[in-house]
Each structure stands twice: as C-alpha cells, then as structure tokens.
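Enquirer: Please read through the structure below; I'll follow up with questions.
Every number in this text was worked out from the coordinates using simple rules, so none of it is lab data. Worth saying up front: this structure is predicted, and the values here are computed from it rather than measured. Methodologically, a virtual Cβ is constructed for each residue, glycine included, from the backbone with ideal geometry; neighbour enumeration extends over all protein chains shown.
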Amino acid sequence: MRANNFYFVLVRPMYPGNIGSSARVIKNFGFTNLVLISPLCDISNEAYILAVHARDVLEKSKIYVSIDSFIREERINYVIGTTARLGGDKNPKRNAILSNSIRGIRIPNGNVAILFGNEETGLTNNELEMVDLLVTIPTSELYSSLNLSHAVAIIAYELSLLLKTARKLPYRFSTKQERGILIQYLKEIANIVLIDLDDSKRRIYEEILTNWVNRAFLTGREVHSLIGFVRRVLAKLKDLRFKKYG
C-alpha cells in the first residue's frame, strides 16, 4: 500500500477552516488525496490560509454529491469510517476499534477511503452501512468529540505509522552495545568513587546509572562523545589513586 491509495473524505463539512486544516495535516503525514462529499461551505480564502503549504492539496481536492458516487468513481476497495458515538448491543454498527489498532491491521490492496462525518452530526447510521471498518479515537469521557481536523490528524498519523511514510531522522539512535560500553565505564568510576561503600550499596548505584543511560534515548554520536569523556574521567581517577597509594 502507498500513501496515494488513501483518500481522506470529509462528509458534509460545515467550515472552510476545517477543510483547510485537514488539507494541512494530511500533507504533514504524507497524504495528498482530500475529498469533500456535499460540502455545506465553499473552499474559501480562510481554507487556503489555514492550509498554509498544503494549498496544492486543496486545489486538487475533489467534490462529490454522495459517498456512493465517490466510491464508484475512484474505485474504492475498502472504506474506514470514524465515529465518536459508540454503539452497544442495540446498535452494533457503531462498535469500533481504537484508532491505534490501525497500525496492526491488514488493509486490502486497492484504494482506501477514510470517512469523517459532519462537525455536528458525524456519520449517519445509513452512511455507516458503507463502512468496512469503524474506528474511534479514545478521547476522554468528559468530552469525546474532537474538532474535525484534529480527528483527521490523528488518523493520518496512525496510518503514517502503518505505511512508514514519516521523514527519516537526521541522526541515529545508539545501540545496546554502545550503551553497554558507556555503562561499563560508569560502573568502573562508581567502583572507584564509592570504594568506601559495601558491595550491595555499590550495586544499587550501578543499577541507577544503567537505568539513567537506557532512559536517556541517547544518539550514537552522544554515546560515543560520552564514552570519550568518561574514559578521560576514569583515567584521571586512576592516576590520582596511583599517586595517592603508589
């Protein structure tokens, strides 16, 4: 699957700002296909202002009068719906998986549509009949309904993790082996500095140092620089100890 197989579909959107913001966030995560179904507003200047550098996504967006016509025209093979209103035994069509589960599902090949309902009413029960998979974002019970463009951003993010469309980081995370070398030098320093403590107390400090290094999310460059620094500290300590004790 590629990013251009995914269509972000706003059903009866009410506000130009949400359309523009949605264009921006889908481009943030590597997608470009924006579709409007019977929009209740125009793509005004406000939409272009909020789209910022996603003007191209707005300009190529398509408008359809119905979800059916869109599915036929774009040859959609799989439809994902979104909802904040969950069902139960009496309305199983609103039983949804959590949005982060998208990363682990196997989506069939072909074009995929993600439907987002109107800002006030969401997707109707009839529209949910067209959905192959229903997704909900796990918001607080205090206020479950997200702004439309925020919901689009979260789903786009989850799909980007599935498709691995994120930009490459300009640095490399350290390996376990590299961190192990740094930890070993730190333990040697601890054994010199804490020589007056018994073994059990020194082991506690060693465990703290190990946890500190592993929780720091150090890059490879940072670890190598720290290894060089710690080796020099260790050499100085050994030299001082030799001068003191001979």
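Enquirer: Which of G20, G117, G228 moves the most in a Gaussian network model of the chain with Cα springs under 10 Å?
Expert: G228
Enquirer: Hey, in the GNM for the chain with a 10 angstrom Cα cutoff, which one of I102, I195, I80 fluctuates hardest?
Expert: With Cα springs under 10 Å in the chain, the top fluctuation among I102, I195, I80 is at I195.
Enquirer: From largest to smallest, what semi-axes in whole angstrom does segment 124-246 give when each is the square root of 5 times an eigenvalue of its alpha carbon gyration tensor?
Expert: Calculated on Cα positions only, the semi-axes equal 53, 18, 11 Å.
Enquirer: Rounded to the nearest 5, what % of the DSSP beta bridges within the chain are antiparallel ones?
Expert: 10
Enquirer: State, as an integer percentage, the relative contact order of segment 135-239 based on alpha-carbon contacts under 8 Å between residues 6 or more apart.
Expert: For segment 135-239, the relative contact order is 34 percent.
Enquirer: Next question. Extending each Cα 7 Å along its Cβ direction at N100 and L194, get the distance between those two points in nm, one decimal.
Expert: 3.4
Enquirer: Please give the calculated 222 nm ellipticity per residue for the chain, where each DSSP H segment of at least 4 residues contributes -39500 (n - 2.57) and the sum is spread over every residue; nearest 500 deg cm²/dmol?
Expert: -14500 deg cm²/dmol
Enquirer: Quote the charge dipole size of the chain about the Cα centre in Debye, to the nearest 20; the model charges only the Cβ of Lys and Arg (+1) and of Asp and Glu (-1).
Expert: 1600
Enquirer: Something else now. Grab the other residues whose beta carbon is less than 13 angstrom from that of Y205, score K and R as +1, D and E as -1, and report the net.
Expert: -2
Enquirer: Of R24, R55, R106, which has the largest mean-square fluctuation in a 10 Å C-alpha GNM of the chain?
Expert: Largest GNM mean-square fluctuation: R106.
Enquirer: Apply the Karplus parameterisation 6.51 cos²θ - 1.76 cosθ + 1.60, with θ equal to phi minus 60°, to every residue of segment 228-238 and state each ³J(HN,Hα) to the nearest whole Hz, in sequence, with x for glycine and proline.
Expert: x, 5, 5, 4, 5, 4, 4, 5, 5, 5, 5
Enquirer: Oh, and also: Return the distance in nm (one decimal) between the two label points of a simple spin-label model at N109 and N147, each offset 7 Å from Cα along Cα→Cβ.
Expert: Result for the modelled spin labels: 4.0 nm.
Enquirer: Can you give me the long-range amide H partners of G81? Hydrogens built in the peptide plane at 1.01 Å from N, cutoff under 5 Å, separation of 5 or more residues or another chain.
Expert: L115, D132, L133, L134, V135
Enquirer: Once Rh for segment 163-228 is found with the Kirkwood sum over Cα pairs, what is the Stokes-Einstein diffusion coefficient at 25 °C and 0.890 mPa s, in µm²/s?
Expert: It comes out at roughly 185 µm²/s.
Enquirer: What residue among P16, A216, L161 has its Cα farthest toward the positive end of the dipole of the chain, where the charges are +1 on Lys, Arg and -1 on Asp, Glu, each on the Cβ?
Expert: Of P16, A216, L161, it is A216.
Enquirer: Looking at segment 111-152, which GluC sites (Glu not before Pro) are in a loop (DSSP not H, G, I, E or B) and have at most 11 other Cβ atoms within 10 Å?
Expert: Answer by residue number: E120, E129, E141.
Enquirer: For segment 1-62 and segment 202-226, write down the distance between their C-alpha centroids in whole Å.
Expert: 45
Enquirer: Report Rg (one decimal) and Dmax (nearest whole number) for the chain, counting Cα atoms only, units Å.
Expert: Looking at the chain, its Cα Rg and Dmax stand at 27.1, 90 Å.
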